[in-house]
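Notes follow once the structure below has been shown.
The values are calculated or read from the model by the stated rules, or taken from the named source; none is laboratory data. Source: prediction; values computed, not measured. Methodologically, a virtual Cβ is constructed for each residue, glycine included, from the backbone with ideal geometry; neighbour enumeration extends over all protein chains shown.
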Amino acid sequence: MDRLMAIIMALQHGSRTASELSEKLEVSRRTILRDIQMLSEIGVPLAAASGPNGGYSLMEGFQLPPLQLSSREALCVLFALQGLTGYTDTPFNGERWTVMDKIRSILPQETALRINPLLDSMEVEVPKRVYNLPSLELLLDMTAKRNWISVFYQSMNHRRRLLIKPEKIFAAHGFWYCDCVSYTHQEKRRLRIDRMSEISEAPAPEDYVEPKQSQSAVRAIHIRAELTYKGMLQVERDEHIGECIEPVSEECWIADFHVPESEWDWVVQLFFSLGSEAKVIFPERLRSAIRQKAERLRNHYEDAIEDIIEDVMMKESLKK
């Protein structure tokens, strides 16, 4: 019955061939033809057309009855919406609450009593962030239109205006991100939207050629390292390299992965922060960079201790 409803809902958006429906629903074409026959037998008004633009469609005037959700479907939708409420700002601040109220209002009392305890015991964990995204709606609109835009962007190293073409907007780790083509960088980039301001539409650059891939991705660094259990737990949480870990024994894991040259500073900081919970096998220049970073930190604290001792001695001498 669920598949029959799925076919009707698909046909509400226009004509579909049996092959298109079979691909969408992941069943054989023969199964779709059997389902179409069953829909006709139960009174669903279907029309069939042959030729290049042919397919199955619903006759004009047919509409599905009001939305009815099973308990698991209601749980699925409410759980997803509940997860969205963890973000400080979204394009749907008001709508996320009203749609949850509407769904709850149409649920039978028995269904509500069944799913409410489950919702109370389930959670999509979203880190607490404090930011405001007044231009998120505008950015979503321009992304859908595939427009080039000019934005003022504050990164770790620069505060400047960028010319970008946004391709995708998504939420992760409590922030909203924009995957885009950057004319300024001449490659594809991922930008944090809360660091954007002064967004405006811009003309497409006349001399721009769409990159086949990020320039930095051409030069990749192969990294292999041993991890302790604690080190493995920290690395596996990383969205980029968390799946690149293999167990060697009960107390040792191997991380083996490639990163773009542009992520060199990040990978140095990663293994430096792991301390004795990781040991880089190669490349040697990563081992060297970690040693240099550790030496700078040691010197920093030695200088600080010397300054404290000198300050204490000076105060003691003044007392005398």
Search the range 120-146 for residues being surrounded by 16 or more Cβ atoms within 10 Å (Cβ to Cβ) and either not in a helix (DSSP H, G or I) or not β-branched (Val, Ile, Thr) (or both), and hand back the single one that is modelled with the lowest pLDDT. Val126
Of all the residues that make up the range 10-31, how many are surrounded by 15 or more Cβ atoms within 10 Å (Cβ to Cβ), out of contact with any strand residue (DSSP E or B) (no Cβ under 9 Å at 6 or more places or on another chain) and closer than 19 Å to Pro52 by Cβ? 1
Among the residues of the range 11-21, are any among the hydrophobic types (A, V, I, L, M, F, W, C), under 33 Å from the mean Cα position of the chain (by Cα) and within 30 Å of Leu136 (Cα to Cα)? no
Criterion: more than 30 Å from Tyr177 (Cβ to Cβ) and touching a helix residue (DSSP H, G or I) at 6+ places or on another chain (Cβ under 9 Å) - qualifying residue of Leu113, Leu84, Leu107, Leu78: Leu107
Among the numbered conditions (1) in a helix (DSSP H, G or I); (2) at pLDDT below 90; (3) surrounded by fewer than 10 Cβ atoms within 10 Å (Cβ to Cβ), tell me where Val312 comes up short. (3)
Among the candidates Ile7, Ile42, which residue alone is on the phi < 0 side of the Ramachandran plot, at pLDDT 85 or above and exposed (fewer than 11 other Cβ atoms within 10 Å of the Cβ)? Ile42
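Per-residue answers, yes or no, for (1) at pLDDT 90 or above; (2) of a type in the set (D, E, K, R); (3) in contact with a Ser or Thr (Cβ under 9 Å, 6 or more places away or on another chain):
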site: Pro247; (1), (2), (3): yes, no, no
site: Pro260; (1), (2), (3): no, no, yes
site: Trp266; (1), (2), (3): no, no, no
site: Ile281; (1), (2), (3): yes, no, no
site: Ala289; (1), (2), (3): yes, no, no
site: Arg296; (1), (2), (3): yes, yes, no
site: Ala304; (1), (2), (3): no, no, no
When you scan the range 264-280, how many residues do you find that are surrounded by 15 or more Cβ atoms within 10 Å (Cβ to Cβ), of a type outside the set (Phe, Trp, Tyr) and over 18 Å from Lys230 (Cβ atoms)? 2
Six or more apart or on different chains, Cβ atoms under 6 Å: show the pairs whose first residue is in the range 226-255 and under 15 Å from Glu277 (Cβ atoms) and whose second is basic (Lys, Arg). Glu226/Lys279
Any chance the range 196-212 includes a residue that's farther than 25 Å from Pro127 by Cβ, of a type in the set (Lys, Arg), more than 21 Å from the chain's Cα centre (by Cα) and not assigned by TED's automatic domain parsing to the domain that holds Lys279? yes
Any chance Phe170 is under 23 Å from Val130 (Cβ atoms), outside the structural domain of Leu274 (by TED's automatic domain parsing) and surrounded by fewer than 16 Cβ atoms within 10 Å (Cβ to Cβ): yes
